[in-house]
Every structure is written in structure tokens, then in C-alpha cells.
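Let me begin by presenting the structure, written as C-alpha cells, before commenting on it.
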Amino acid sequence: MSQARKTAVPRQKMPEQSPPARIGNFHEVPCGFTPEQARAEASRCLQCQNAPCRKGCPVEVDIPAFIRRIESGETVAAAETLQATNSLPAVCGRVCPQEDQCEKLCVLGKLSTPVAVGSLERFAADWKAAHPGQAGGRTAGDKTAGEKVAVIGAGPAGLTAAADLARMGWRVTLFEALHEAGGVLIYGIPEFRLPKEIVAREVENVAKLGVDLRLDQVAGRTIAVEDLWAEGFRAIFIATGAGLPSFMSIPGENLNGVYSANEYLTRVNLMKAFRFPEFDTPVIAGKKVCVVGGGNVAMDSARTALRLGAKTVAVVYRRTRDEMPARKEEVVHAEEEGVSFRFLTLPVRYLDNGRGWLAGMECLKMKLGEPDESGRRRPLPIPGSEFALDCDLAVVAIGNEPNPLFVRSIPGLKLGRKGNVEIDPETGRTSLPGIFAGGDIATGAATVIEAMGAGKRAARAIDAYLKRLPAEANPGKF
Ligand code: FAD
Ligand code: SF4
């Protein structure tokens, strides 16, 4: 097909559940491409020689190659091309902000609309899972008797590093504090955006590479860094994420009915409150819900509250729509479902109903001033503009800080001002020999693909480090 004809083919739109149907269930909202749609979308790719899209992918997927294979009907081979560098393709195909990554650099995007790289990634990964008979096995490298590496935290960063290190032939043990692996993918992002069986499937693929997954292991509590060295681990990768919720420290935050988004989403997702009465996990299902914040976490919380039966859900955000960090797609989905937005609004106090339960929020109106260090215009309170918002459940989604538990237990590990591990971003090296780190624990709350990119770079650096390490050296004793 000529370039002009490719430019004229419209980008395929993925079918999805209608808003009235989907707010009554927790099933995934977008339904995935049909095979015909996937072929049509793949045929739009120009197969650029220099493939600028690849530079936008932190895990270095060979994007034109996998798309070419979909177009020619070799979908399992397409999935294998993805899996060669990306251990979580079905996850990335669903939650990566492609509009800011590969699709942003797509040449077709300059002529019309970019190729739907994420949707094609999802299609290929799901196709392979649904056709196991056509797939080749996934194997570890050939040095399974190699040195032992400990990876702490089984989120996207830890899973990626563990998979890559196993492929390189190192003996990897992945320690996870929770009873399920996946990190935010399992306890944070809701079922209707990322079904848990998809995460479980990709975790299983990582385990099949020979990674020894040990759940319910809280590093810094049930296992110390000294124990790891004593057990013969020769390198450690810390990927414990940013799971410490931030609060605003305003009066009333301890009232019943005020949750951090972290706790709210964990109860609903990991502890399966959404499958009541099959799972009897207590969660407050408010009727009038306010969600504080403007990011993806706020959108997830608002849409979850609707599905748990809220009559009204308002997102309360101190800036305007233009400054919201949430993905546009998520904001549109939330609006379609009936979530309302209170922009330029700052909660200053939670109101007590007299019996220790939330009855509302006192807020201030804001206006925008000059840009702050983030480049976004600074919100400034308008004195005397106080007003009350009625609500019986408030979910605070204003950000997360690095998880302090393990990193603060390691003597001499250099931490930044916010408790993040200080690393060399190219290698994940920390201030201590043999200890590497990456993902949200180093950057603060970021994205799945950035965490995976950090895991990949660290795996490469650990591989090089172990190859240079003298046989008699004990990294813990430097
Ligand atoms: P995590 O995913 O946080 O994983 C860390 C793991 O370490 C966890 O499993 C944790 O239990 C474990 N751990 C912590 N301490 C210990 C310990 N002491 N011992 C053992 N294990 C430990 N990003 C996107 O790209 N797209 C999205 O749509 C998106 N939506 C999001 C929605 C929500 C609700 C949230 C909270 C985040 C979202 N993000 C999204 C951000 C993204 O999920 C994170 O940036 C990413 O998961 C970070 O990966 P990580 O591996 O560094 O950490
Ligand atoms: Fe295909 Fe776009 Fe990548 Fe070019 S930049 S190879 S059109 S996905």
C-alpha cells in the first residue's frame, strides 16, 4: 500500500462497553481489536527505516517488526517479538501512556493519526495467550547455576529486572511483601482497566523463566539485607515502589469515611471487595463521594466509587482541566460515566457528623497564578471563598511517596529528600556496592513503562557487575 493510501486509512477504534452498561459491572471497558481491525490497523504502519517510535519505548520493543507480523497474520510470532524485550506486553498494551511514548513519535501521527501501537500490543499478547498450542516455550538463559540475585518488590520494575536477569542466566529470587505479585498492577489499577487474570498470566510467564517468586516476604522486616548477603545473594535490585500515600494534613482526616486512594483501591482490588458477597471485604461504599486529586489514581477511585453504587461522584481538583496529570482517555471515560469535576477547588477541612463520621468538606475557591517548578500554573486560594461540599466518602488521591520500609533499614544507603533511593539513572547503581534500585522507589510515583525501563537498565548493569565480580568477593562486606 502506498504512503498516501496508508495515510488515508482511519485509525481503528476499539469497541468498548457503553457507559450505562459498564458502570454496573467491573468488567474491562475496552473490548480489544477484532482480528480484522488488528490487520487493518497494522497495515497503516509505514515500516519506517529509522523507526522513531522505538526511541519512545523504554523497553526497546521492535515496534515495526511486531506490527509487520500482525499484518502478515503471524500473530503469535508478533507476540514473541514483543516478549523478547517486554515481559508484560498485555499490561503495557492496556495501561501505558502511549500518547506520550511510542505513539508520540510515530511518523504517521505527523501526517494523520499515529498507529495504535498499544492496542496492537494488547491484541498480539492476548492472541498468543488464547492460542497456547501455537507458541514456542519461554526459557531461561543457559547459566541457571549462575550467581544468585535478589529482587525486592514484584511490581513492573522488579518483574522486568527478574525476567531479564533470568534470561541472562542468573539465579533470581523475587521477594514480594503481599500475597500476590504485580505491585500497583494488582492492588492499585482497577479490574475494569486491567483485569487481574491478565496480570497473573504475565507474572506466571516471568516465573516460567525460572524466577523463584517468594510471596509474603517483607524485606526490612521478615528478611534483612544482611540475611540476603548471608544467603549468598551477590547483587540486590530494590524495586519497592512508591506505596506510601500522601495526605494534606488538614483537620478531620482521621474521620471514618476518609480513605487514602491506596487503601480504598487495595480493599477493592487486591482484597476483592468488588466481588461482594463472594469476598466479604469491608469497604465504605459512599452515596455522595468526593475524590481529591487530578491524576490517574483519582480517576480510578472515582470510577470505582460509581461501580460500588455511589449516586454522585465529584473529582475535586485545585487546578483546571488543562493541568490535570491524568491521561485524557481516563478523564473522558470518567466523564462519560457521570463523574463530575470541581476545578479550582481546595479542601481545607473535613466535616464531622457529630459521631466521628464524615459529613462533608469545607473548600476554598482557587485561581491560577504564575507557573511553579512543575511548569504548571500555581493555584492560589481566594480569601473568603469558603464553601461546603456534601459527601459521606472522601478518597484522597494527591500522590504517593517512596515506600520507606526496606530502604530505611539498609545502613549507608543514600536516600533523597523525599526518601527516594538515589541512583545513577543509566544503571540503577546506588551508593552501596552490589545494590541497585529502580522504578518508583527511585523516581517517585511515575509510570509502568518507566519502571520497566529502569528494571531493564538495572538488569543489564547487574549482569555486567556480576561478570566483573571476583569469585571470592562478598558485596555485603565492602
Ligand atoms: P510498584 O508497582 O509499587 O511495586 C512495588 C512492589 O514492591 C509492590 O508489589 C510492593 O508490595 C512491593 N514491596 C514494597 N515494599 C516491600 C518490601 N519491604 N519487601 C518486599 N516487597 C515490597 N502508570 C501507568 O503507566 N499507567 C496507568 O494507567 C497507571 N495507573 C495507575 C493507577 C493507580 C491507582 C496507581 C497507584 C498508579 C498508576 N500508575 C499508572 C503508576 C504505575 O502503576 C507505577 O508507576 C508503577 O507500578 C511503578 O512500578 P514499581 O515496580 O516501581 O512499583
Ligand atoms: Fe510504524 Fe509509526 Fe513506528 Fe513508523 S513511527 S514504524 S509508522 S509505528
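Descriptive notes on the structure:
- The set of residues in segment 69-121 being surrounded by fewer than 18 Cβ atoms within 10 Å (Cβ to Cβ) and either among the basic types (Lys, Arg) or within 13 Å of ligand 1 (Cβ to nearest atom) (or both) consists of Glu99, Asp100, Lys104, Lys110.
Okay, residues lined up against (1) more than 22 Å from the chain's Cα centre (by Cα); (2) outside any loop (DSSP other than H, G, I, E, B):
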residue	(1), (2)
Gly384	yes, no
Phe406	no, yes
Leu432	yes, no
Ala445	no, no
Lys456	no, yes
Ala459	no, yes
Asp463	yes, yes
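- When residues of segment 168-180 are limited to those that are of a type outside the set (D, E, K, R) and closer than 11 Å to Leu270 by Cβ, the one surrounded by the fewest Cβ atoms within 10 Å (Cβ to Cβ): His179
- Residue identified as over 30 Å from Ser249 (Cα atoms) and either touching a residue at least 12 places away in the same chain (Cβ under 8 Å) or basic (Lys, Arg) (or both) among Gly434, Gly399, Gly438, Gly419: Gly434
- Residue satisfying condition, being more than 22 Å from Phe175 (Cβ to Cβ), at pLDDT 95 or above and of a type in the set (A, V, I, L, M, F, W, C), within set Ile410, Ile449, Ile441: Ile449
- Scanning segment 203-251 for residues that are within 14 Å of ligand 1 (Cβ to nearest atom), buried (at least 23 other Cβ atoms within 10 Å of the Cβ) and β-branched (Val, Ile, Thr) turns up Val203, Val206, Val225, Ile236, Ile238, Thr240.
- Residue in segment 326-344 that is on the phi > 0 side of the Ramachandran plot and either surrounded by fewer than 16 Cβ atoms within 10 Å (Cβ to Cβ) or within 16 Å of ligand 1 (Cβ to nearest atom) (or both) present: no
- Taken over segment 15-66, the criterion of being of a type in the set (Lys, Arg) and within 30 Å of Phe276 (Cβ to Cβ) is satisfied by Arg22 alone.
- Condition met for Arg44 (among the basic types (Lys, Arg), buried (at least 19 other Cβ atoms within 10 Å of the Cβ) and modelled with pLDDT of 95 or more): yes
Yes or no, residue by residue, for (1) buried (at least 24 other Cβ atoms within 10 Å of the Cβ); (2) more than 16 Å from ligand 2 (Cβ to nearest atom); (3) of a type in the set (Asp, Glu):
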residue	(1), (2), (3)
Glu426	no, yes, yes
Gly439	yes, yes, no
Ala442	yes, yes, no
Ala446	no, yes, no
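The values are calculated or read from the model by the stated rules, or taken from the named source; none is laboratory data. On a predicted model such as this, the values are computed, not experimentally measured, just so you know. Using ideal geometry, Cβ is built from the backbone for each residue, glycine included, and neighbour counts are taken over all protein chains shown.
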